[in-house]
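Reviewing the structure listed below.
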Amino acid sequence: MKRRLTWAILIVTVMTLLILGIPLAIVVHRYYEKAATVDLQRRAAEAVIEVPTPLDGSAADELAEATQDAAFSVYDAQGALVAGSGPVRADAAVRAALAGVPTFDHSTEVLVYATPLTDPQSEAVTAVVRVAEPDAAVDGRIRRAWLVMFGVGLVALAIAWAVALAQARRLARPIQDLAASAERLGAGGVVLAHQRSGVVELDLLGHALATSSVRLAELLARERAFSADVSHQLRTPLTGLRLRLEADASNDPANADALADVARLEATVDHLLALSRGRPRLGTEVSLSDVVEDSARRWRPRFADAGREIDLVVDRSVEPVVASLTALEQIVDVLLDNALEHGAGRVSIASRAIAGGSAIDVGDGGRGVPIEEATAIFARHHGSGHGIGLALARSLAEAEGGKLVLASNAPPRFSLVFASAVTRTAAIPSLTSDPILDPASDQSSDPARPGAEPR
């Protein structure tokens, strides 16, 4: 920004100098030409006084002393050079002056002024005084004036450069402070009170940023306190339930499954609490095939109660991903719960390998999602109910380095995609247009596909 602001001020200064300097240079040129003309008239008037009338041969010696100026010459009434260094025969200016008219001539590289001398009694032209000055002399004065103007312009440009640097630093410093404050705010820190810079707009922005930082800090503190309180309140009854189930485990074998559900619920609470506090994830290698198998086993009874079935397709060639097992189970649980609540017909869950990674697909035979809502369904509070499930699932997926997308809107099919370790740093391609997610080209549900195990 400092460089741009400095260049902007310099460009404006240069344009101003050009707009003012070019007309001024033209005026200076005309001024010196006019001054040269006036000077010739003055010199001619002074010379006329020194020329004796009537002009005769006896005055030649006197004229030789009176014509020390090399640009001065005298012609007789016939146009012959009597004294001076002018042309031997009368030129255009002298001929016009012999007719009684003082004349300027600038048809050559010499500025010439000729004035007639008349007899006081007869008023006849008896001689002509010619004064000349080369253009080089006039041009020299003009060039010196232009050099002075150019020097003044350079001084003005240097002053403008110094002012531009100072002004750029003055404006850039508060903007850099605001950028640092915004970065601190994005990292979860608190922005201190803005130091006034004297620029009203920047001061207003800094004050608003500091005020928003305080509000966000208070909001985050309340959210984290709420998460800690909820997790604490949930741990107490979960611990009591676990103790009772463990005490009755020897009497009722079904309690073993209940204990597993309690353990899973405790892990979910711990995972969500860590996620809300922004702690770094500590993932391990997880088999997507094991995740879909376990999820299908847990959800089959609920779908059976609703008169529906789950089709399971497992691809054992899928590479494991580095992620949290609890997070993956929660994501799949959200997708299966949505299929149970909003879908229809048979539900399919599959693990499969894709170009550059692996994926879990969950779909059903329902009417699907309108194409205009393909993005909105992942927003919180969308549609009926609480509208949190898909938004939470997408957040969990992104926290684990994956991506949750709607691969097909009718019939609905969601895909949880992970890049392989080799392509993890590369951007995941557009999933909605990738043929690997196109239902027409999906081979994962084909029992004849090598490595697929339908259940």
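Taken together, the values in this text are just the output of simple stated rules run on the coordinates, not laboratory data. Keep in mind it's a predicted model, so treat the numbers as computed, not measured. Every residue, glycine among them, receives a Cβ derived from its backbone with ideal geometry; neighbour counts consider all protein chains shown.
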Peptide ranges 161-168, 313-320, 145-152 listed from the most packed, as the mean C-beta count within 10 angstrom indicates: 313-320, 161-168, 145-152
How much length is gained if the chain between Val48 and Arg300 is pulled fully straight, taking 0.36 nm per residue apart and subtracting their Cα-Cα distance, in nm to one decimal? 77.9 nm
How large is the convex hull of the Cα atoms of the stretch 2-141 per residue, expressed in Å³ as a whole number? 121 Å³
In the stretch 84-118, whose amide N lies under 20 Å from the spot 7 Å out along Cα-to-Cβ of Asp139? List them in ranges. 105-113
Tally Lys and Arg at +1 and Asp and Glu at -1 over the other residues with C-beta under 13 Å from the C-beta of Gln78: what net charge comes out? +1
Counting only other residues whose beta carbon sits under 15 Å from that of Ala393, what net charge do I get with K and R as +1, D and E as -1? -3
May I ask you to derive the FRET efficiency for Glu201 and Val12 from their Cβ-Cβ distance with R0 = 22 Å, giving the value to the nearest 0.05? 0.60
The stretch 2-141: antiparallel bridges as % of DSSP beta bridges, rounded to 5, reads 100 percent
Find out how many positive minus negative residues lie around Ser107, taking Lys and Arg as positive, Asp and Glu as negative, among other residues whose Cβ is under 12 Å from that of Ser107. -4
Taking the simple approach of a point 7 Å from Cα along Cα-to-Cβ for both Ile26 and Val101, what is their distance in nm? 2.9 nm
